[in-house]
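None of the figures in this text is laboratory data; all of them are computed from the coordinates on show. Here the structure is a predicted model, which is why all the values come from computation and not from measurement. Because the Cβ atoms are built from the backbone with ideal geometry, glycine has one as well, and the counts that use them run over all protein chains shown.
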Amino acid sequence: MPQVLARKVGLDYDARMTRPRAGMRTVKGVSMARRKKIYEGKAKILYEGPEPGTLVQYFKDDATAFNAEKKAVIEGKGVLNNRLSEFFMTGLSQIGVPTHFIKRLNMREQLVRQVEIVPLEVIVRNFAAGSMAKRLGLEEGTALPRPIVEFSYKDDALGDPLVPEEYIVAFGWASQQDLDDIISLALRVNDWMSGVMFGVGIKLIDFKIEIGRVWDNEFPRLLLADEISPDSCRLWDIETGQKLDKDVFRRDLGNLTDAYTEVAKRLGVMPSNVTHRPKPTLIN
Ligand SMILES: Nc1ncnc2c1ncn2[C@@H]1O[C@H](COP(=O)(O)OP(=O)(O)OP(=O)(O)O)[C@@H](O)[C@H]1O
Ligand SMILES: [Mg+2]
């Protein structure tokens, strides 16, 4: 159970420590400073977690686009994405969407449940943009008749190609039952995210999620994994149409950190807001 795990882990784990406290559980007796790296991707690093079945997800400042053809280091991006992903995952779990998120550990790291990633990018679109706009010759921002869920096969070498559901089932990447569950999970995420964003004057154009599988007593369960952040969503200001997501980087539209900071500010999840204590007002 994630909550039980969180409580257990929360008692004795502090990622900022370099030496284990007396009685502290460490990864195989090794302090977190020398923890094992499991995987390094374009935007994040996964480390072995403090308990079996957990991982530490570290958010880097690296930005990539067009299958890593375009690269840059954007100072502060990792910190913002860590906070924003925490905000979205926590909110979604409060409405009953199962997620891998356990707790945020520090500015750049969060503790998550280890999953078997389903090798699909699950994309939900409310308005035409990006590859869909190009493929169908639609103007970006055109409202779609209804939210559309599409899948691409996670394979960087192939450029994550769009795949029909039949491929997914035939090649065994997910069963038909999994797919039905993934679609309904993705639509719940879409409804919640669209509403939250609308509330702060932002249109959720589209987003991508990853799904993971865990085994609870031989029973497979699907969880929302990876991250939800402006790296994986298209977010447009409702009034001005200004882009507040990774397209700012892809298309050289300005400062990416400023755009992500704007999203974080509107949602009230800026680190300064979290720790902010209003000063007492002096009355003459
Ligand atoms: N809870 C989890 N358990 C195991 N793996 C996870 C979990 N959450 C995310 N991942 C995987 O961790 C990696 C995160 O790193 P990152 O997002 O930087 O990868 P990437 O460069 O996008 O590459 P790719 O997703 O193609 O592997 C991804 O491979 C993602 O699928
Ligand atoms: Mg990724």
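Please report the net charge: other residues with Cβ closer than 13 Å to the Cβ of residue 197, K and R +1, D and E -1.
On the way: positive: 203, 234, 266; negative: 191, 206, 237, 245, 262.
Charge balance near residue 197 sits at -2.
Under 5 Å between amide hydrogens, built in the peptide plane, is the criterion, and for residue 118 it picks out 211, 212, 213 among residues at least 5 positions away or on other chains.
Considering only Cα-Cα distances, which of the following residue pairs are longer than 32 Å: 36/243; 36/203; 37/154? List each step's numbers first, then the result.
On the way: 36/243 37 Å; 36/203 40 Å; 37/154 21 Å.
Among 36/243; 36/203; 37/154, the Cα-Cα distance tops 32 Å for 36/243; 36/203.
Can you give the convex hull volume per residue for the Cα atoms of the stretch 117-255, as a whole number of Å³? Convex hull of Cα atoms, per residue: 132 Å³.
Computed about its Cα centre, the charge dipole of the stretch 117-255 is approximately 380 debye, with only Lys, Arg, Asp and Glu carrying charge at their Cβ.
Work out how much length residue 250 to residue 157 would gain on full extension: take 0.36 nm times their residue separation and subtract the Cα-Cα distance, in nm to one decimal. Show your work: numbers first, answer last.
Numbers: separation 93, 0.36 × 93 = 33.48 nm, distance 1.95 nm.
Using 0.36 nm per residue and subtracting the Cα-Cα distance, I get 31.5 nm.
Scanning residues 5 or more positions from residue 206 or on other chains, those with amide H under 5 Å from its amide H are 126, 234, with H placed 1.01 Å from N in the peptide plane.
Defining a contact as two alpha carbons under 8 Å apart and six or more residues distant in sequence, what relative contact order in percent does the stretch 117-255 show? Walk me through the intermediate numbers first.
Details: 220 pairs, mean separation 31.3, N = 139.
Once divided by the residue count of the stretch 117-255, the mean separation gives 22 percent.
Taking 0.36 nm per residue of sequence separation and subtracting the Cα-Cα distance, how much length would be gained by fully extending the chain between residue 73 and residue 142, in nm to one decimal? Show your work: numbers first, answer last.
On the way: separation 69, 0.36 × 69 = 24.84 nm, distance 3.21 nm.
The residue 73-residue 142 span can extend by a further 21.6 nm.
Distances between placed amide hydrogens fall under 5 Å for residue 242 paired with 237, all partners being 5 or more residues away or on another chain. Counting Lys and Arg as +1 and Asp and Glu as -1 over every other residue whose Cβ lies under 10 Å from the Cβ of residue 225, the net charge comes to -2.
For the stretch 49-93, chymotrypsin sites (Phe, Trp or Tyr not before Pro) are listed when DSSP marks them as loop and at most 12 other Cβ atoms sit within 10 Å of their Cβ; the list is 66.
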